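The values are calculated or read from the model by the stated rules, or taken from the named source; none is laboratory data. Fair warning: this is a prediction, and the values are worked out from it, not measured in the lab. So basically every Cβ, Gly included, is an ideal-geometry build from the backbone, and we count neighbours across all protein chains shown. Remember, those area values only see protein heavy atoms, side chains included, never the ligands or the DNA or RNA. Shrake-Rupley method; radii C 1.70, N 1.55, O 1.52, S 1.80 Å.
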Amino acid sequence: MANYLAMGKEELLEEKKKLEEIYAGYLARNLKLDMSRGKPCKEQLDLSIDMLTMDPADYISETGLDSRNYGCLEGMPEARRLFAEIMGVRPEEVMVGGNSSLNLMFDVISMGCRNGFPESSQPWGRGCKFICPAPGYDRHFRVTEYFGFELLTVKMLETGPDMDAVEELVKDPAVKGIWCVPTYSNPDGYCYSDETVRRLAAMEPAAKDFKIFWDDAYVVHFFGDEPDRVLNILNECRRCGNENRPVMFCSTSKITFPGAGVSSLAASSEMLEYILHNMFPMTISFDKMNQMRHVRYLKNLDGVLAHMEKHKRVIKPKFSVVLHELDDQLLPCGDIAHWTRPRGGYFISLYVMPGCAKRTVDLCKDAGVVLTGAGAAYPYGVDPEDSNIRIAPTFPPVDELKIAAELLCVAARLSTVEKLLAQ
Ligand SMILES: Cc1ncc(COP(=O)(O)O)c(C=O)c1O
């Protein structure tokens, strides 16, 4: 292998022929591998299975409250305490919900659209806009698209969203909020810097009812040597007199069971009261038995961190396999691609040469390896550069992952050579 960018036409044609032969070998293998979504693997799911064994007495709170019955919309006291520790806030600032934090985010956005928030002069409505740091989580963008917001893309940097762009955009009173994944962002695995958090807390949006949707989905999901700690947005906002600005979210979806975990939300007392008031007509209470199962099993933050160590042992080798393959196959080709080296979270972001992401993903798909669709991590599903590919290494077994990563690199190289020849 040599630097593609230094190759002449003849050399590129020769490389193309070689890559096509290798690719044909993958086609003949009839692969059937899925790396499209960030899902825990079976081994990870097995880690939490003991949680389902409970003594009937375990369902009763220390306060005497019976989790098996209706009531207690804000969640079981023990569960509020557990999530308060995870999010670094006070238990009275926390409500504990059902099986999905995305569902809570949807509900809070929906609340803004129906009724607005304590600072609103009218409900969020037609013509409202939302800031989407990209690449980001496709489902966030989908929620705000569904409610009719115009999605405004800002670039996701290693330090978090491009704050110069954010500060400029919030001068428009129609801009009502921003999506944030502050710790091990989806898909880059970046952590917000202290400066980014402080600027988000201190900025002065024209919309008085501007909200930060602080989705800390990966707050405890580190597999590096030391956990990264992002500044607490609620404390920072409070310091600036903007304590109603953030709504924090997290869940145990990737701690215990996706779709059968527990979600949580934290906000200032005034915001929390407002949110609970607006949830009251929606449900009598969430699944508190599941909340108690989680509390009994995970106990406290130390218990959660000990459990995450077990996940780390399963998934760290998987990230290493992919990174090793990218280093091995793509680095020698010159500056044709770059990729992130996350210390936590669920994804690696691969950036291929502009114009090559869709072709790379299609080549993989034709050979039986399904990746997240190119562009999925951008508002409206369109990556303006057609460069980003989200790699989700956790689900496949290591041997399959290695094959998938090898194929991905061959596809990335082939699409790059095709592009260079077309130029
Ligand atoms: C950033 C982010 N937030 C939320 C979710 C979904 O969370 P939940 O299962 O709690 O709805 C995901 C799942 O991939 C995610 O990546």
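Summary table
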{"item": "Volume per residue of the C-alpha convex hull in segment 1-105, rounded to whole Å³", "result": "239 Å³"}
{"item": "Above-threshold pairs, the threshold being 24 Å between Cα atoms, out of LYS39/LYS358; LYS18/LYS316; LYS39/LYS419; LYS171/LYS358; LYS39/LYS312", "result": "LYS18/LYS316; LYS39/LYS419; LYS171/LYS358"}
{"item": "Percent antiparallel among DSSP beta bridges (both partners in segment 61-299, rounded to 5)", "result": "35 percent"}
{"item": "Only Lys, Arg (+1) and Asp, Glu (-1) charged, at Cβ; segment 61-299 dipole about Cα centre in debye", "result": "620 debye"}
{"item": "Gain upon complete extension [ASP66, ASP335; 0.36 nm per residue less C-alpha separation]", "result": "90.8 nm"}
{"item": "Environment charge at GLY334 (Cβ cut-off 13 Å; Lys +1, Arg +1, Asp -1, Glu -1)", "result": "-2"}
{"item": "GluC sites (Glu not before Pro) restricted to segment 99-166 and DSSP loop, no more than 15 other C-beta within 10 Å", "result": "GLU119, GLU158"}
{"item": "Loop GluC sites (Glu not before Pro), segment 22-89, which have at most 11 other Cβ atoms in a 10 Å radius of their Cβ (DSSP)", "result": "GLU62"}
{"item": "Between segment 166-236 and segment 1-31, the alpha-carbon center distance in angstrom", "result": "42 Å"}
{"item": "In degrees, nearest ten, helix 357-366 long axis to first principal axis of the chain (Cα)", "result": "80 degrees"}
{"item": "Förster radius 41 Å - calculated FRET efficiency between ARG239 and MET54, Cβ distance, rounded to 0.05", "result": "0.50"}
{"item": "Normalised alpha carbon radius of gyration of segment 277-423 [divisor 2.2 N^0.38 Å]", "result": "1.36"}
{"item": "Estimated dipole of the chain in Debye, rounded to 20 [Cβ of Lys and Arg +1, of Asp and Glu -1, Cα centre]", "result": "620 debye"}
{"item": "Cα-based reach from LYS176 at 19 Å (exclusive), listing lysines while leaving out same-chain residues under 8 positions away", "result": "LYS129, LYS155, LYS208, LYS211"}
{"item": "Rg to Rh, two decimals, where segment 219-326 supplies the alpha carbon set and Rh follows Kirkwood", "result": "1.05"}
{"item": "Rounded to whole Å, sorted largest first: equivalent-ellipsoid semi-axes of segment 12-68, Cα gyration tensor", "result": "55, 12, 8"}
{"item": "Environment charge at SER263 (Cβ cut-off 15 Å; Lys +1, Arg +1, Asp -1, Glu -1)", "result": "0"}
{"item": "Percent of beta bridges antiparallel (DSSP, the chain, rounded to nearest 5)", "result": "45 percent"}
{"item": "Within segment 82-123, backbone nitrogen closer than 13 Å to the virtual label 7 Å beyond the Cα of SER269 toward Cβ", "result": "90-94"}
{"item": "Equivalent-ellipsoid semi-axes of the chain, from the Cα gyration tensor, Å, largest first", "result": "40, 27, 17"}
{"item": "Per residue, in Å², the accessible surface of the chain once ligands and nucleic acids are set aside, probe 1.4 Å", "result": "42 Å²"}
{"item": "Sequence-separation-based contact order of the chain, relative, with Cα cut under 8 Å and 6+ spacing, percent", "result": "26 percent"}
{"item": "Dipole of segment 61-299 [Lys/Arg +1, Asp/Glu -1 at C-beta], most positive-end residue of TYR297, PRO258, MET282", "result": "MET282"}
{"item": "Pairs of Cα atoms farther than 34 Å apart, segment 61-299, %", "result": "11 percent"}
{"item": "Angle between the chain longest axis and helix 77-87 axis [Cα atoms, degrees, rounded to 10]", "result": "40 degrees"}
{"item": "Net lengthening on full extension, ALA306/GLU21 (0.36 nm per residue, minus Cα-Cα)", "result": "97.9 nm"}
